[in-house]
1. Along the charge dipole of the chain, Cβ charges K/R +1 and D/E -1, which of S129, P39, L105 sits furthest on the positive end?
2. How many percent of DSSP beta bridges within the chain run antiparallel, rounded to 5?
3. Between their Cα atoms, which of K12/K111; K12/K157; K106/K144 are more than 25 Å away from each other?
4. With each pseudo-label sitting 7 Å past Cα toward Cβ, what's the C168-E110 distance in nm, one decimal?
5. Once you keep just the Cα pairs under 8 angstrom separated by 6 or more residues, what percentage relative contact order results for the range 1-119?
6. Would you please give the residues with an amide H less than 5 Å from that of F90, counting only those at least 5 places away or on a separate chain, with H modeled from the backbone geometry?
7. For Q51, put the label point 7 Å out on the Cα→Cβ axis and report which residues of the range 59-76 keep their amide N under 16 Å from it.
8. Only Lys, Arg, Asp and Glu count, each charged at its Cβ (+1, +1, -1, -1), so figure out the dipole size of the chain about its Cα centre, rounded to 20 debye.
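Taken together, the values in this text are just the output of simple stated rules run on the coordinates, not laboratory data. On a predicted model such as this, the values are computed, not experimentally measured, just so you know. Positions of Cβ are backbone-derived with ideal geometry, glycine not excepted, and every protein chain shown enters the neighbour counts.
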Amino acid sequence: MKEILVVVDMQKDFVDGSLGTPEAVAILPAVKEKIASYPKDHIYATLDTHQSDYLNTNEGKHLPVEHCIEGTEGWLIHEELRDSLTGVTFVPKPTFGSTKLAEILKQENEKEPISVELVGLCTDICVISNALLLKASMPEIDIKVDADCCAGVTPEKHLAALETMRSCQIEVTGGDAD
């Protein structure tokens, strides 16, 4: 079984930029340690990727805070994780969940059975969206989320997302797992 790590949107804007939170900053050491525990060729990292017209998009009308505009400092992987993620596969995504990531991992699973662990930001938006997309496209694989390596928009939303993922047969590990 090939164990895959998906690092979701550990970009500057979500850590300590325009949409950053103290909780996102706090998970950096745990995420760095988790990345180090996987071979580079078993790691996929998503990049929330918007264009300069973001505020005119449907998402921008609901969340009118420019973030992760391609090519800006905020779009880049947070500086504390850049070296750790050198050499991994990056998957840009224009919205919360990545259908492209699901397709890539489905092809991986067809070659060799996989399990997937997700970490990153934000638990209640992009982490849960990707976990559920992966579960929907590969219902028989094991999918887990490490709560110690995730942060939500708020601590309450983080916990609610973890509970929702448990309800959908996604294993939650880490300190918030109980």
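1. Going by the Cα projections, it comes out as L105.
2. On the way: 1 of 26 bridges.
If we restrict to bridges inside the chain, about 5 percent are antiparallel.
3. Working: K12/K111 34 Å; K12/K157 20 Å; K106/K144 16 Å.
The answer is K12/K111.
4. A separation of 2.3 nm, rounded to one decimal place.
5. On the way: 180 pairs, mean separation 48.5, N = 119.
Relative CO of the range 1-119 lands at 41 percent.
6. Hits under the 5 Å cutoff: A45.
7. In the range 59-76, the label zone of Q51 (backbone N under 16 Å from the point 7 Å along Cα→Cβ) covers 59-61, 67-72.
8. Values: 15 positive and 31 negative charges, 72 e Å.
Here the size comes out at about 340 debye.
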